[in-house]
Amino acid sequence: MSDLFQLFDLPATFSIDERVLEQRYQALIAHCHPDRFTAASALEQRVAAKRAADINDAYQTLSHPVSRGRYLLEVAGVDTQVLERQPADSEFLFDQLMRRERVQEFTSLDDTEAAELVDDVRHQYHHTATALGTSLDANDVAAASSRWVELNYHQKLLDELEQTLNRQVSR
Amino acid sequence: MLLQIAEPDTPVENMRPRRLGLGIDLGTTNSLIARSDGKDTSLIAVDSGGMLLPSVVNYSGDIPLVGTAALALAVRSPEDTVASAKRYMGRSLDDVPLSERSVFSDSDPLAFATQAGSKTPVEVSADLLRTLAQSAERVLSEKADGVVVTVPAYFDDSQRQATRQAADIAGLNVLRLLNEPTAAAVAYGLDTSITESGVLAVYDLGGGTFDISILKMERGLLRVLATGGDTALGGDDIDTLIADWLADSWVLDELTTAEQRELRRLAREAKEGLTLADDYQVASAVFPEARAVTITIDTLERIATPLIQKTLAACQLAVDDASVERIDQVVLVGGSTRMPSVQAAVQAFFGCEPLCSINPDQVVAIGAAIQANVLVGNGSGDDAVLLDVTPLSLGLETYGGLVEKVIPRNSALPIAKAQDFTTAKDSQTGLIVHVLQGERERVEDCRSLARFELSGIPAMVAGAARIRVSFKVDADGLLEVSAVEETTQTEASLVVKPSFGLSDDEVADMLRSSQEFAAGDMTVRQLTEARVEAEALLDGLDGALSADADLLTATELDELVAEQQRLRAAMGTDDVDAIRAQTQQLGEASLAFAERRMDRSIKSALSGVAIDALAASSTD
């Protein structure tokens, strides 16, 4: 597996500056996009299209914490497909179940409760992402694997909550 | 101070003769074609009726009649007159509602039954595209080097493939399939004027369809966040409502077909009249006993309100789906958006004044023409790159009828992704690769795009084979899938074609049979094309060698120069096959060099950003 971080001239760590990644991505894709090569020879078009696809793929992988974590775990030799099928810690699952119930009854919460829930879900997500970064940086693959599994759960709940919020704002 | 870094391989544009790129809006009701020279953009009149070519083809005679001429025959031979072919692009008979099936032959591929035989929607679209391009070339006395054809943002892979096939059959060189809302944004220059980021809504109320798209623009990178609409709602419905109102006012019933048509004509006139004035008087010689009535803008608004509310409900769904906080700009597309009550409703809903200074019938074709001019090679080099995304997720069927997503929706194009699979049973020698499109988890809820078999896998125990399935989507959104068993390099691949579309051979047959390419012309054309491709490669390599020869070892350089000479020698002959073979060989020989140059230019693009970032932080 070639180093995706290298494409953007970034160190291969979890805690990258996402703004810098985005800037570099935009410069690179604007440079390699097939639209820049419509008048070039077929060979150059092919090379450019291949690079543009690599860059889009790498950016998609690195720009989201969940997929960036997955990539770094794979590099460290973890089979994340196996990891996804393993059950998470039961205490964690119970906590998550409680939060999910709160999210599902979101519309019946009063303003203070709603704000607390939003804060809680966002905090849990960011906290877990930071912990994942720390474990990865310390080469603690076991801890990183657990944090990554948890981050998957937090991501799903966060998505659900954001959807509920958007529906509320636009109504 | 900011340092400017020149790119080492910026092509010298001025030395090349200007090339002609045309923009085509292939619409459900009307189609248009336009050209741009970078400064001015204009529509080209291709039909006796003006700029709009009705998207109607009549197949009653020896040659197909297109546009107003076909429309005139529609009354006499309705069964041979095909309209709204766009609705059926990339579709099979099963996709067509029962109420609409009567015009089709009863077998796949889906085709209209006419006197001239079965005509697929792809062939009908090809006839429209050919008419547009040929008429434009006649008006301009110039051959087009390439075209940009627009498609709705929600078009899936089958529909895009079908559009691409239609252009191939029409003998056009397609530079790009462009999303219609993206084209409208380009026409207003929003791709360059939005320097940081912004969210746009494109509200497109055409004759028979309504589309709403929410787009996000970020420094020239544009993605479609959400699309929605109603394929059976448009300006024609407003005409019907006005016609009903007129019939009521005049207490008419039991109308003949001719009278109904007259009533609709009056309705359309009234609707158009009311875009300029607050009231409009309607009278007709066909209904002599009916006194002239005055329809006011308030009446029209009352009549049209339920319909406009329906479009706003679709807008709401799209805004929800896009998960955006606010809309910065709204662009109006489609003739029906001229109605003041539509404009007012849109402004109230989105909370900003809609852009409507460009003729809403023409705005998509204008955007397509601007982009065609850039893509054909007349660009300045700093034009924004329009980055399209996959409208729907692409995936594979796995065990239990579930879909495994390989490329998620909203992925920036082009993109390539691979997924590894293994065999489920001992000594399994084949594997069905079933490609699907859609967001749902179950196979039956997604759209089947293609199915092929990877066979000849050597017998192994379950789980030992390593099958890598790769998806490649190009900048137009067209998909190619391949599967390889990695331990033995057993391979199978295909370009995904609409499930019930035309095969490559059928397309080639149509190309051959179209009068454009008589046998002699075909040879000349092939020779010309082979020479053009060879020259492009040689020129490109000359430029590359003078800039970056240091990337090659002395041996590599000698080898390349020798291959170049061999190709030049082949070009001295009229031997098409030899030219192609040598072009291929030189291409392969210079592939590694081209990759190294690309990597070097990528590095320089990155260092440009690094310096930008430094300069930005030092001025903070």
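The values are calculated or read from the model by the stated rules, or taken from the named source; none is laboratory data. Predicted model only: the values in this text are computed from it and were never measured. Cβ coordinates were reconstructed from backbone atoms using ideal geometry, including for glycine residues, and neighbour counts include every protein chain displayed. Side chains are part of the model used for accessible areas, which takes the heavy atoms of the whole protein and leaves out ligands, DNA and RNA. Shrake-Rupley method; radii C 1.70, N 1.55, O 1.52, S 1.80 Å.
Taking label points 7 Å from Cα along the Cα-to-Cβ direction, B:THR305 and A:ALA115 give a separation of 3.9 nm.
Report the GluC sites (Glu not before Pro) located in the stretch B:270-329 that are in a DSSP loop and have at most 14 other Cβ atoms inside 10 Å of their Cβ, or state none. Don't jump to the answer; show the numbers that get you there.
Details: sites: B:GLU272, B:GLU289, B:GLU301, B:GLU325; in loops: B:GLU289, B:GLU325.
When the GluC sites (Glu not before Pro) of the stretch B:270-329 are filtered for loop state and at most 14 Cβ neighbours within 10 Å, B:GLU289, B:GLU325 remain.
Each residue of the stretch B:471-484 was assigned a 3J(HN,Hα) from its phi angle through the Karplus curve 6.51 cos²θ - 1.76 cosθ + 1.60 (θ = phi - 60°); the sequence is 10, 10, 10, 8, 5, 8, x, 8, 9, 10, 10, 9, 10, 9 Hz, with glycine and proline shown as x.
Fully extending the segment from B:ASP599 to B:VAL286 would add 105.4 nm, taking 0.36 nm per residue of separation and subtracting the current Cα-Cα distance.
What FRET efficiency comes out for the pair B:ASN410/A:GLU91, r = Cβ-Cβ distance, R0 = 56 Å, nearest 0.05? Computed FRET efficiency for B:ASN410 and A:GLU91: 0.95. Database remark: amide H of B:ASN410 closer than 5 angstrom to the amide H of B:THR390, B:LEU392 (H placed geometrically; neighbours at sequence offset of 5 or more, or on other chains; Pro and chain starts carry no H). Judged by the gyration tensor of its Cα atoms, with axes a ≥ b ≥ c, the protein assembly as shown is oblate; a/c meets the 1.5 cut and b/c is at least as large as a/b. Only protein heavy atoms count here; under a 1.4 Å probe, B:GLU453 has an accessible surface of about 110 Å².
Per-residue shielding of A:53-64, expressed as the average number of other chain Cβ atoms within 10 Å of the residue Cβ, stands at 4. Across the alpha-carbon atoms of the stretch B:254-332, the computed radius of gyration and Dmax are 18.1, 56 angstrom. When all protein chains stay in place and ligands, DNA and RNA are ignored, the 1.4 Å accessible-area order of A:ILE16, B:ILE212, largest first, is A:ILE16, B:ILE212.
In chain A, Cα pairs under 8 Å separated by at least six residues give a relative contact order of 23 percent. Here is the tail figure for the stretch B:519-606: Cα pairs spaced more than 16 Å apart come to 55 percent of all pairs. In chain A, the C-alpha radius of gyration followed by the widest Cα-Cα span (Dmax) gives 19.7, 63 angstrom. Rolling a 1.4 Å probe over the protein chains gives B:THR305 an accessible area of about 60 Å². Label separation (B:ASP40 vs A:LYS50): 4.5 nm, computed from points 7 Å beyond Cα along the C-beta direction.
Tell me the carbon and sulfur percent of the accessible area for the stretch B:519-606, rounded to whole percent, probe radius 1.4 Å.
Ligands and nucleic acids excluded, carbon and sulfur give 53 percent.
Rounded to the nearest 20 debye, the dipole magnitude of the stretch B:77-198 is 220 debye, with +1 charges on Lys and Arg beta carbons, -1 on Asp and Glu beta carbons, and the Cα centre as origin.
In the stretch A:4-63, what percent of the accessible surface is made up of carbon and sulfur (1.4 Å probe, ligands and nucleic acids excluded)? Walk me through the intermediate numbers first.
Numbers: 1100 of 2290 Å².
The nonpolar share, carbon plus sulfur, comes to 48 percent.
In summary, the helical segments of chain A meeting the span-like criteria, namely a full DSSP H run, a Cα extent along the axis of 24 angstrom or more and a mean Kyte-Doolittle hydropathy of at least -0.5, are A:42-63. For the stretch B:384-426, state which residues have at least 30 Å² less accessible area in the presence of all protein chains than in their chain by itself, taking the probe as 1.4 Å and leaving out ligands, DNA and RNA. The answer is B:VAL385, B:LEU387, B:PRO414, B:ILE415, B:ALA416, B:LYS417. Computed from Cα atoms, the angle from the helix B:554-571 axis to the main principal axis of chain B rounds to 50 degrees.
Residues of the protein assembly as shown: accessible area per residue at 1.4 Å, in Å²?
Numbers: 37430 Å² over 791 residues.
It amounts to 47 Å² per residue over the protein assembly as shown.
Evaluate E = 1/(1 + (r/R0)^6) for B:ALA344 and B:GLU269, where r is the Cβ-Cβ distance and R0 equals 35 Å; express this FRET efficiency to the nearest 0.05.
Values: r = 22 Å, r/R0 = 0.62.
FRET efficiency, B:ALA344 to B:GLU269: 0.95.
Need one number: % antiparallel among DSSP beta bridges in the protein assembly as shown, to the nearest 5. That works out to approximately 85 percent antiparallel.
Expressed as an acute angle from 0 to 90° and rounded to the nearest 10, what is the orientation of the C-alpha long axis of helix B:576-619 relative to the principal long axis of chain B? That works out to roughly 80 degrees.
DSSP finds beta bridges in chain B, and of those with both partners inside it, around 85 percent are antiparallel. On alpha carbon coordinates alone, what is the Rg over Rh value for the stretch A:82-169, Rh being the Kirkwood radius? Radius of gyration relative to Kirkwood radius: 1.03. Residue-wise HN-Hα couplings along the stretch B:433-446, as the Karplus relation 6.51 cos²θ - 1.76 cosθ + 1.60 with θ = phi - 60° gives them from phi, are 9, 10, 9, 10, 10, x, 9, 7, 8, 9, 4, 5, 8, 10 Hz; Gly and Pro carry x. Note on B:GLU254 and A:SER108: their simple-model spin labels are 6.2 nm apart, each label 7 Å out from Cα toward Cβ.
Helix B:257-273 and the long axis of chain B differ in direction by around 80°, with both axes built from C-alpha atoms. Computed from protein heavy atoms with a 1.4 Å probe, the total accessible area buried between A and B is close to 3700 Å².
So for the stretch A:4-63, averaging the separation of alpha carbon pairs under 8 Å that are six or more residues apart and normalising by length, what relative contact order in percent results? Value for the stretch A:4-63: 40 percent.
Measuring max minus min along each principal axis, the C-alpha atoms of the stretch B:92-169 give extents of 45, 32, 18 Å (largest first).
For the protein assembly as shown, the mean residue ellipticity at 222 nm estimated from helices alone is -15500 deg cm²/dmol, where every DSSP H run of n ≥ 4 contributes -39500 (n - 2.57) and the total is divided by all residues, rounded to the nearest 500.
Between B:TYR399 and B:LEU312, 0.36 nm times their residue separation minus their Cα-Cα distance comes to what?
Working: separation 87, 0.36 × 87 = 31.32 nm, distance 4.14 nm.
Here the segment from B:TYR399 to B:LEU312 would lengthen by 27.2 nm.
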